[in-house]
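J.: Below: one structure in structure tokens.
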Amino acid sequence: MVFTDFLLFNKPVRPGGKSPLQKHIWSTDTLTLNNDQSIFTLAFAALSYVDSDRNQYRYRLEGLETQWNEMDSSRRTATYTNLPAGKYTFRVQGSNNDGVWNNKGVALAITVLPPWWATWWFRSIVGLLTVAIIWKTYRSRVKSLQTQTARLEAQVAQRTRELQNAKNSAEEAKMQRSRPIRLRPYSSPT
């Protein structure tokens, strides 16, 4: 078994540069794709040429599929679209014209990177910012309540003083009224 081609968005990918392939697909063991490289196709073949029309194939993408996908020699490709971020292993096995399967097959480790907003560092930053906002909101609310409490305590103290002064004035007035009036003896002017 051998991989014969790799396509992104139905276009062949050549190795080198900014390509996800650094060497030809038949000699690649691992492949890393960005989240925007969401449609890819792998082509494969069995190196049995006696009666290649009778070759059979089966493949699966471990991490996504649990069952083998079986096909005949007329279709030797597997296409995947919109894979979620993660690590996968694409395995393909083939049989020769006598129906003898190559159970070892060939495997390709595929990593699909998450978008920037789904990376651990971005989620960490968002988490820290959320905690900071919650903490700041909490501290602001506590400060507001402390300010309001101090204002209310000052108003209560002022009102208490006013009431105490009014009480003192009332008591003094009461004492003034309750004092016996002393009359001075009347003396006539002579």
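Quick grid of which residues meet (1) loosely packed, with under 13 Cβ neighbours inside 10 Å; (2) at pLDDT 85 or above; (3) touching a helix residue (DSSP H, G or I) at 6+ places or on another chain (Cβ under 7 Å); (4) at positive phi:
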site: 38; (1), (2), (3), (4): no, no, no, no
site: 46; (1), (2), (3), (4): no, no, no, no
site: 50; (1), (2), (3), (4): yes, no, no, no
site: 57; (1), (2), (3), (4): no, yes, no, no
site: 63; (1), (2), (3), (4): no, yes, no, yes
site: 66; (1), (2), (3), (4): yes, yes, no, no
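J.: Check residue 94 against each of (1) outside the structural domain of residue 12 (by TED's automatic domain parsing); (2) in contact (Cβ under 8 Å) with a residue 24 or more places away in the chain and name the one condition it does not meet.
T.: (1)
J.: OK, next. Taking the conditions exactly as written (modelled with pLDDT of 90 or more and surrounded by 11 or more Cβ atoms within 10 Å (Cβ to Cβ)), does residue 142 satisfy them or not?
T.: no
J.: The conditions are (1) within 21 Å of residue 86 (Cβ to Cβ); (2) polar (S, T, N, Q); (3) surrounded by fewer than 14 Cβ atoms within 10 Å (Cβ to Cβ), and residue 27 fails exactly one of them. Which is it?
T.: For residue 27, the failing item is (1).
J.: Consider only pairs whose beta carbons are under 8 Å apart and that are at least six residues apart or on different chains; among these, list those whose first residue lies in the stretch 16-34 and is farther than 17 Å from residue 61 by Cα and without any contact (Cβ under 8 Å) to a residue 24 or more places away in the chain and whose second residue is part of a strand (DSSP E or B) and aliphatic (A, V, I, L, M).
T.: That search, which allows pairs on different chains as well, returns 20/8; 20/31; 20/33; 21/31.
J.: Given the conditions (1) over 30 Å from residue 85 (Cα atoms); (2) among the polar types (S, T, N, Q); (3) not in a helix (DSSP H, G or I), which single one is not true for residue 111?
T.: Result: residue 111 passes all but (1).
J.: Same structure again: Return only the number of the condition from (1) outside any loop (DSSP other than H, G, I, E, B); (2) over 36 Å from the mean Cα position of the chain (by Cα) that residue 75 does not satisfy.
T.: All conditions are met except number (1).
J.: Also: Name every residue in the stretch 77-115 that is of a type in the set (Phe, Trp, Tyr) and under 14 Å from residue 8 (Cβ atoms), in order of residue number.
T.: Of everything in the stretch 77-115, just one residue is of a type in the set (Phe, Trp, Tyr) and under 14 Å from residue 8 (Cβ atoms), namely 80.
J.: Could we say that residue 36 is of a type in the set (Asp, Glu) and either outside the structural domain of residue 99 (by TED's automatic domain parsing) or farther than 19 Å from residue 114 by Cβ (or both) here?
T.: no
J.: Six or more apart or on different chains, Cβ atoms under 9 Å: show the pairs whose first residue is in the stretch 102-128 and on the phi < 0 side of the Ramachandran plot and without any contact (Cβ under 8 Å) to a residue 12 or more places away in the chain and whose second is of a type in the set (A, V, I, L, M) and assigned to a helix (DSSP H, G or I).
T.: Within 9 Å, the pairs are 117/126.
J.: Check residue 27 against each of (1) within 34 Å of the chain's Cα centre (by Cα); (2) under 30 Å from residue 116 (Cα atoms); (3) not charged (D, E, K, R) and name the one condition it does not meet.
T.: (1)
The values are calculated or read from the model by the stated rules, or taken from the named source; none is laboratory data. The structure displayed is predicted, hence computed values, not measured ones. When we count neighbours, we look across all protein chains shown, and the Cβ atoms used for this are built from the backbone with ideal geometry, even at glycine.
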